[in-house]
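Enquirer: Have a look at this one before I ask anything.
The values are calculated or read from the model by the stated rules, or taken from the named source; none is laboratory data. Note that the coordinates shown come from a computational prediction; the quantities given were computed from them, not determined experimentally. Glycine gets a Cβ as well: all are built from the backbone with ideal geometry, and neighbour counts include every protein chain shown.
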Amino acid sequence: MDRPDRVPVGRCLGVDVGEARVGVAECDPDGILATPVETLARDHEPTKTDLYAVARLATDRTARVVYVGLPRSLSGAEGEAARRSRDYARELAGLLPSGSVRLVDERLTTVQSHRQLHASGRAGREHRAVVDQVAAVLILQGALDAERSTGALPGVVVTAVGRKPRTKERS
């Protein structure tokens, strides 16, 4: 399948930000298939080891984009979880090149992740360790599929605090 000219090829990361854990997924160099990478313990302390680990993964894998899931209710409203994701994405954007972090809608990815794990035969008590990775895979795969179908990067560019937002896409 040909990729539209406007969408660059390269690795991307998907991130599912939770209160206790952060799931990370990556895609192949052609941007076709998302796979799980790891689940990080969420570090709310000033050390923010999870945030720096995600930035390091993005840098080590030369990710062109990091898609951070934005949890919304079915009505589209945003609550505390969305605020946490937005804050996390802003901090991550401060650690990576401008324009490389994007927020994408992730409605129902956690529910879908639990369903997939259950369907695969994994016991419910075993879900906690990997459900965030599965959600990150769903976030990233949705973004990759949107890239291919629209020819544009999905989601909204996240600007770090203190950076001037871009007003147009780079060609």
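Enquirer: Filtering region 7-40 down to residues that are out of contact with any strand residue (DSSP E or B) (no Cβ under 6 Å at 6 or more places or on another chain) and in a strand (DSSP E or B), which residue is surrounded by the fewest Cβ atoms within 10 Å (Cβ to Cβ)?
Expert: 35
Enquirer: Among the residues of region 42-62, write down those that are more than 15 Å from the chain's Cα centre (by Cα) and assigned to a helix (DSSP H, G or I).
Expert: 49, 60
Enquirer: Any idea which residue in region 92-113 is nearest to residue 156 (Cα to Cα), counting only those that are part of a loop (DSSP other than H, G, I, E, B), at pLDDT below 85 and not hydrophobic (A, V, I, L, M, F, W, C)?
Expert: Looking at residues that are part of a loop (DSSP other than H, G, I, E, B), at pLDDT below 85 and not hydrophobic (A, V, I, L, M, F, W, C), I get 106.
Conditions (1) of a type outside the set (A, V, I, L, M); (2) at pLDDT 75 or above; (3) part of a helix (DSSP H, G or I); (4) over 24 Å from residue 30 (Cα atoms), marked per residue:
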site: 68; (1), (2), (3), (4): no, yes, no, no
site: 81; (1), (2), (3), (4): no, yes, yes, yes
site: 115; (1), (2), (3), (4): yes, no, yes, yes
site: 132; (1), (2), (3), (4): yes, yes, yes, no
site: 142; (1), (2), (3), (4): yes, yes, yes, no
site: 145; (1), (2), (3), (4): yes, yes, yes, no
site: 166; (1), (2), (3), (4): yes, no, no, yes
